[in-house]
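Everything below concerns the one structure shown next.
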Amino acid sequence: MICRHPSPNSQAFQLAFTYLLEIMYSEKSNYIIGGDINLNFLKYQIDTHNTDYVNSILSLGCISLINKPTRFSSTRQPSLLDHIYTNIIDDNTTTGIALYDISNHLPIFANFNFHPKCAKIYRPKIQCLTNFDLPSFLEDLLFLILTFTTKTTVISTSLVTIVFLCLTTFLTNMLP
């Protein structure tokens, strides 16, 4: 689940997200990613940043499953800011937009009907944030950043994988 802040500078997010997809593509990992990306796919033909972003994720085998507006406003044109991406091609997948006025964004969903043997592989990891200790997490994150920035000057796939695994471990320890 991703929620990108709606700041005007989306290039840093686009570079980081594309890099993450490149890693998963090279490792032949399957993924389902969803969230409020705050990039309007309805402006694909108009905004060059959106065009470049969409083309880069498509080139990595990433498919966007939502293709209709998810946000409506009385002062702006409808927009498609909420996305679900995957590289899993399955004819049994159902996706859509729920017509439920819970916020200024409509909820999106994807239902993947996996074979029972595959269901264990694709089971999402759900963690509760009720007891999340932000100061401890930030302390561990600072330690991780200082450790890797003082020992290396080159960012490689293996370094990113190690950092990702460390962050995953931190979150797993702090979020039962």
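The values are calculated or read from the model by the stated rules, or taken from the named source; none is laboratory data. No experiment lies behind these values; they were computed from the predicted model shown. Ideal geometry is used to build each Cβ from the backbone, glycine not excepted, and the neighbour counts take in all protein chains shown.
Of the residues in the stretch 60-70, not one is modelled with pLDDT under 80, over 18 Å from Cys3 (Cβ atoms) and among the hydrophobic types (A, V, I, L, M, F, W, C). When the criteria are applied in full, Ile84 meets the requirement of being surrounded by 10 or more Cβ atoms within 10 Å (Cβ to Cβ), modelled with pLDDT of 90 or more and not in a loop (DSSP other than H, G, I, E, B). Of all residues in the stretch 1-38, those that are outside any helix (DSSP H, G or I), under 16 Å from Asn55 (Cβ atoms) and among the hydrophobic types (A, V, I, L, M, F, W, C) total 1. Here Phe112 passes the criteria (1) surrounded by 11 or more Cβ atoms within 10 Å (Cβ to Cβ); (2) modelled with pLDDT under 85; (3) farther than 12 Å from Leu65 by Cα except the one numbered (3).
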